[in-house]
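Worksheet: the structure to be examined is printed underneath.
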Amino acid sequence: MKRFLGFAMGLLLAQSGYASAQGLTFSGSVSGELRYFMRPPGFVGQTNQRLYPSLTVTPRLAYDWNGGNDRLVLEPFLRLDSSGNGRGHGDLREAFWLHSGQNWSLTTGISKVFWGVTESRKLVDIINQDDALEDIGGGAKLGQPMVNLSLFGNFGTLDLFVLPLFRERQFLASGARLAGPFAINPAVYTSSSGARNVDFAARWSQSLGSWDFALSRFRGTARAPRMVVAGP
């Protein structure tokens with residue numbers, strides 16, 4: 001773990017002049033976080049630790065060719081947490097190929113899509129699963145496998161999505177801070193295909209002056225789970 005962290009930090013601090021000249025760009029961030037709880041745990045069995053230090057590493061690699069019409073993007077995410085509260089985890093936020101044509105583009109791979117304008121309540125932001133280990137408020141998202149065709153014109157923008165794999169939401173262990181009083185079992189799906197159910201989505205958006213309009217349609221497994229009591 002220490003060797004990986006040192007290597008990642010070295011890459012992030014290295015100069016990227018040669019890489020940029022070859023159509024390859026490297027960026028990213030390394031950040032630390034310290035959580036402090038002023039009061040004891042709210043539930044029996046939770047750790048009584050007050051300080052929770054952690055570190056995140058988020059490198060981003062992008063390669064452009066074909067006159068900028070093609071792009072490959074790779075963005076992994078890693079949180080290192082030594083407190084043992086179950087928050088340490090990793091994810092592949094983005095790993096996609098983007099091809100741009102005249103008035104259209106095609107994205108294939110793992111990506112993130114933001115639907116909505118308001119920050120307080122994202123009712124239609126349903127493409128990506130919430131990363132509940134990272135942020136219980138829904139601000140962080142997991143990467144979603146997809147094929148996304150975007151069409152542009154005077155009519156606005158039309159996005160069509162095929163989402164071939166559902167990502168189950170992960171929760172903190174019952175003994176961790178900010179976790180609830182009950183253990184949460186693996187997901188039970190309504191569809192017989194389970195996590196392999198293929199979802200579909202579409203969105204039309206248009207801007208007129210200072211107004212933004214959008215219509216969204218989603219058919220598939222909802223990202224937000226419905227909790228059901230399965231025992232005493």
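Miscellaneous remarks
- Cross-chain or 6+ apart pairs with Cβ under 7 Å, the range 65-80 first and farther than 27 Å from Gln102 by Cβ, then not in a strand (DSSP E or B): Arg79/Arg87; Arg79/Gly88; Arg79/Glu134; Leu80/Met1; Leu80/Leu5; Leu80/Gly88
- Selection of the range 31-59 for residues being in a strand (DSSP E or B) and either within 24 Å of Gly101 (Cβ to Cβ) or touching a Pro at 6+ places or on another chain (Cβ under 9 Å) (or both) yields Gly32, Glu33, Leu34, Arg35, Val57, Thr58, Pro59.
- Positions within the range 89-111 being in contact (Cβ under 8 Å) with a residue 24 or more places away in the chain and farther than 20 Å from Asn69 by Cα, in sequence order: His89, Asp91, Leu92, Arg93
- Any chance Ala95 is surrounded by 14 or more Cβ atoms within 10 Å (Cβ to Cβ), modelled with pLDDT of 95 or more and more than 22 Å from Asp199 (Cβ to Cβ): no
- When we screen Asn185, Asn154 for residues that are within 30 Å of Ser54 (Cβ to Cβ), surrounded by fewer than 17 Cβ atoms within 10 Å (Cβ to Cβ) and over 20 Å from the mean Cα position of the chain (by Cα), the only hit is Asn185.
- With respect to the conditions (1) in contact (Cβ under 8 Å) with a residue 24 or more places away in the chain; (2) open to solvent by 90 Å² or more (accessible area, probe 1.4 Å), Arg226 falls short on a single one, namely (1).
- Taken residue by residue, the range 41-49 has no member that is modelled with pLDDT of 90 or more and exposed (fewer than 12 other Cβ atoms within 10 Å of the Cβ).
- Some residue of the range 66-79 being charged (D, E, K, R), open to solvent by 50 Å² or more (accessible area, probe 1.4 Å), modelled with pLDDT of 90 or more and within 28 Å of Phe161 (Cα to Cα): yes
- Conditions (1) in contact with a Pro (Cβ under 7 Å, 6 or more places away or on another chain); (2) of a type outside the set (Lys, Arg); (3) not in a strand (DSSP E or B): number failed by Gly116: (1)
The values are calculated or read from the model by the stated rules, or taken from the named source; none is laboratory data. These figures come from a predicted structure and were not determined experimentally. Ideal geometry is used to build each Cβ from the backbone, glycine not excepted, and the neighbour counts take in all protein chains shown. All accessible areas refer to the heavy atoms of the entire protein, side chains included, with ligands and DNA or RNA removed. Shrake-Rupley method; radii C 1.70, N 1.55, O 1.52, S 1.80 Å.
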